[in-house]
Each structure stands twice: as C-alpha cells, then as structure tokens.
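Following: one structure in structure tokens, then a few remarks.
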Amino acid sequence: MPALTAIRGFRDILPKEADLWREVEEKARQVLDRFDFSELRPPIMERTELFQRTIGAATDIVEKEMYTMEDRGGDLITLRPEATAGMVRALIEHNLHEGGRATKVFCLGPMFRYERPQKGRLRQFHQLDVEIFSDPGPHADAEIIVLLRDFLAELGLTNLSIVLNSLGCPVCRPVYRENLVAFLEKRKGKLCPDCQRRLGLNPLRILDCKSEACQAEVKGAPTFSKFWCPECQAHFGVVKSSLSKLGLAHELDERLVRGLDYYTRTTFEVRSGDLGSQSAVAGGGRYDGLCRELGGPDLPAIGFAAGLERIILLLRAQKPKAPKGPDYYAAVLAPEAMESAFVLVQALRARGLRVAVDWAPGSLKNRLKRADKAAAAKVIMIGPNELASGQATVRDLLTKEQVSLPIDKPEVF
Ligand code: HAM
C-alpha cells in the first residue's frame, strides 16, 4: 500500500525550518508589545454565515475558496479563510471595546483557502493578523503601517514597497461606483466572464482583475481619487503625510481594491520584488462599517494580515542561516558512564541550556559525528577515564579547544 501524504496545498513545517518560524513569530510579538497590542486567539472554525456577512458573498474567497462543511448537528461551519471576521465577532461577543480606549489585538495562526497552490500560495497558510478597534483617526492607519514596516524591516527584509489607496466611504463610494459601472457597461462584452458577472455585484474588483483583456479595458476607467469626498481626502492626506514624516516611502495605486468587501477609506499592501506573482507580503485597510453590520456597536476599525509563508520564503532566500544547534551534545562513551551523564545533562537543562544526547553509548568517532550533525556548540565526553578522574572532557567544536570540567559541578559548564 502506498504511504499517505499530506493534502495538496497543506505543508508540514519541518524541524529544520521551525527555527525561522519561531524567529518570525517572536519578532512579531516583540514589535506588537512595543505598540501595546494584546493577543486574542479566536477559534479556527466559525459559522459560515460570519464569513459571508463580512468578507462578502460575491468575493472569490466566499464564492470559491472556503472549506465549508455541515457538522453532525446540521450547522454549516467553515475553516477560517482569514482572521478579521472572527476577531470582530469575538470583540462584539465579549464587549472587548468597552473601557474608553482603543482595543488593539493580534492573532497568529493558520488560515484556509481552496486556491490553486503555487510558490507562496497554499491552502493552509499562516497569518499574523493585527487589528485596532475604536480609533477613527488617520494616525491609527499610519501607526499600523509603521508597525508592519518595523516588523518586516527588523526581520531583515528588503526590496519591499508600500502601496496605498483609499476606497472612500458610504458618501463617496456610491458615486464612484456609479461612474465606474457606466464606463464599464459600455465595454461589458470585452470583459472576462467573471468580470461581466462582477459588474452588477462587485464592480470595483474589475479594476484589479488579472486577465489581460480586463486590464486593457480598465485603463481609461475613472479613478477614485477624483471622487473622494473632502473628509476622505483629508483623512488620506494625513495618513500619507504621517508616513512621510517618518521617512516611509509609499506609492498610490488606484487599482488596489483588495479581495474582501469590508474595506472603507485607507487600504494598503506591502509587496516584494522577490516573490514572483504572489507578491503581496501583507495587506489590510480600514473597515469602519463592519462592526455595526455584524450587529455590534458602531466602531471604526483598521487592520492588516501578513502572510508568514511569504515572509519565510523571502528570509530563506535572503540569508540562508545555519540552524541553531544545542549548546552541548553529551557523548556517553561507555555503559557505566550513563548514570553520571544522565544527572549532569538534566542539571544543565535545569540551568536553561539546550543539551542533546544519545543514551545508547557509542564510539568517540561516531559520537563526534553526531555532535557535528546536530550543530552542537560543544561536546561533553564522559568515558571510563573521565569517570575515574571525575572530570568530563569538554570540546568546543568551533575552536577545537578542550578543557576538563568536574562532572558533579554543572554550574561551571
Ligand atoms: P488578504 O490580503 O486576503 O487579507 O491576506 C493577507 C496576506 O495573507 C496576503 O498578503 C498574503 O501574504 C497572505 N495570504 C493570503 N492568501 C494566501 C495563500 N493562499 N497562501 C499563502 N499566503 C496567503 C486578509 O486576510 C485580511 N483579513 C487582512 C486584514 C486584516 N484586513 C483588515 N484586517
């Protein structure tokens, strides 16, 4: 019988990669601490209706990409395709917005979308999701973009660009939409079948359709910036000037409409020049109407999500790093040395050191090979001679220096 493999688009994160994952997650927590965020961990499954009502029934995610199933009680439930919907649901359910100040929360974890797998695109992928609730002002937008930039820059990523747009508000978006639809109606026959359908449902998405035919047709389309109301214009102006004050380069992309329906005003993406077609490392924006639409209070909100697989791909290409090995590898060279080695190893671990060991005794040559393979910094050798003298031989694998240290004094190691 052939051995089973993982599901297409679902990946194992192997031990040799896990160090880098941890580095990225730890950096995220460090930066988020500095910006005064707290962790909120919503469940991985939610009612299907939650995603339909937030992401939008006419989006690719809801129409084609969700892992939806009926549970044994007959309820329709879905593996979360993104985290924002669950974060908003949890905020409302637990009244996390009460207390008179902005609620700043993040979550880290797997998301699920039935997309065609390719480089940088999986069916189970991981996001760092960051959200600010109750802060309507443009400085919250700028702050969250600075946070994202700091996180990526401190990881050492380069060749990134920040792209911004504003999708307006309930005052100016309908006017723009009407003008856009009027323009596209005249070209309907030339649009791809998907966009012909989107024209009635979700016309803004046509602006970022990847099909060449649609791209050619939207070239002369009216641009949103001409339709922003004075409030949206002023809000976006402050976002841009705040970023400029901190020296953050950014560009306007009026085609940046994002694939989720809940956005209002500022939207943004961070793109990499090194990722090929799946170039978005992170994306987000403001979604001021969503809490109310979900039956909650009328709270403004802004957030983003960064794709951890894409960040890891970039880091691996930029700085291939040797995995960090243990501080010590304990080489037990004779059966009678096992007892002393066992006690010493646990004492070193109790001091916080990382110690690798093979309990079966082996030859010195074989054990040194194992230590090298484990990328250990030092080897502790305990054989008959060491037992007799009470002194373990400790070799630094980098400098090859060797010293003797008392087996019963773990504190001197
Ligand atoms: P999104 O643009 O759909 O936004 O996803 C954010 C990021 O997740 C993308 O930029 C990408 O790095 C990563 N990503 C998305 N799909 C995949 C995939 N199939 N494989 C690998 N990585 C992927 C959202 O999810 C919004 N919830 C962001 C947000 C938060 N807006 C406001 N708050």
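Bear in mind that the values in this text are calculations on the coordinates, not laboratory data. What you see is a predicted model, and the numbers here were worked out from it, not measured in a lab. FYI the Cβ positions are ideal-geometry reconstructions off the backbone, even for glycines, and counts take in every protein chain you see.
Using a cut-off of under 14 Å, list every residue of the stretch 248-263 whose amide N is near the label point 7 Å from the Cα of Ala153 along the Cα-to-beta-carbon line. Of the residues in the stretch 248-263, 248-250 have backbone N under 14 Å from the label point off Ala153. Cα centroids of the stretch 218-254 and the stretch 1-77: 31 Å apart. Note on Phe51, Phe227: ascending count of other Cβ atoms within 10 Å places them as Phe227, Phe51, the fewest first. With θ taken as phi - 60° and the Karplus curve 6.51 cos²θ - 1.76 cosθ + 1.60 applied, the whole-hertz 3J(HN,Hα) list for the stretch 264-279 is 9, 6, 4, 10, 8, 9, 10, 10, 10, x, 10, 10, x, 5, 8, 8 Hz, x standing for glycine and proline.
The Cα atoms of the stretch 114-184 give a gyration tensor whose axes a ≥ b ≥ c have a/c of 1.5 or more with a/b no greater than b/c, which makes the shape oblate. The slack in the chain from Tyr67 to Phe35, taken as 0.36 nm per residue of separation less the alpha-carbon distance, amounts to 8.1 nm.
The calculated 222 nm mean residue ellipticity attributable to helices in the chain amounts to -10500 deg cm²/dmol, summing -39500 (n - 2.57) over DSSP H runs of n ≥ 4 and dividing by all residues.
Put +1 on the Cβ of every Lys and Arg and -1 on every Asp and Glu Cβ in the chain; which of Ile162, Gly100, Cys229 then has its Cα farthest towards the positive end of the dipole? Of the options given, the answer is Ile162.
For the stretch 353-376, backbone nitrogen atoms closer than 12 Å to the point 7 Å from Leu405 Cα along Cα-to-C-beta are found at 353-355.
Taking a ≥ b ≥ c as the square roots of the eigenvalues of the Cα gyration tensor, an a/c ratio of 1.5 or more together with a/b no larger than b/c marks the stretch 270-341 as oblate. On the beta carbon distance between Ser211 and Lys373, with R0 = 35 Å, the FRET formula returns roughly 0.10.
In terms of its C-alpha gyration tensor, the stretch 328-412 has a rounded overall shape, because the principal axis ratio a/c (a ≥ b ≥ c, square roots of the eigenvalues) stays below 1.5.
Charge tally around Arg29: other residues with Cβ under 15 Å, Lys/Arg +1 each, Asp/Glu -1 each, net -4. Beyond 19 Å in Cα-Cα separation lie the following of the pairs Lys64/Lys219; Lys365/Lys400; Lys378/Lys400: Lys64/Lys219. If you plug the beta carbon distance of Tyr114 and Ser389 into 1/(1 + (r/R0)^6) with R0 = 56 Å, you get a FRET efficiency near 0.30. Ordering Leu397, Ile380, Leu353 by Cα displacement along the dipole of the stretch 328-412 toward the positive end leaves Leu397 in first place; charges were set at the Cβ atoms of Lys, Arg (+1) and Asp, Glu (-1). Annotation: peptides 252-265, 114-127, ranked by per-residue average of other Cβ atoms within 10 Å with the highest first, follow the order 252-265, 114-127.
Taking each residue as 0.36 nm, the span from Leu14 to Ser241 lengthens on full extension beyond its C-alpha to C-alpha distance by 77.4 nm.
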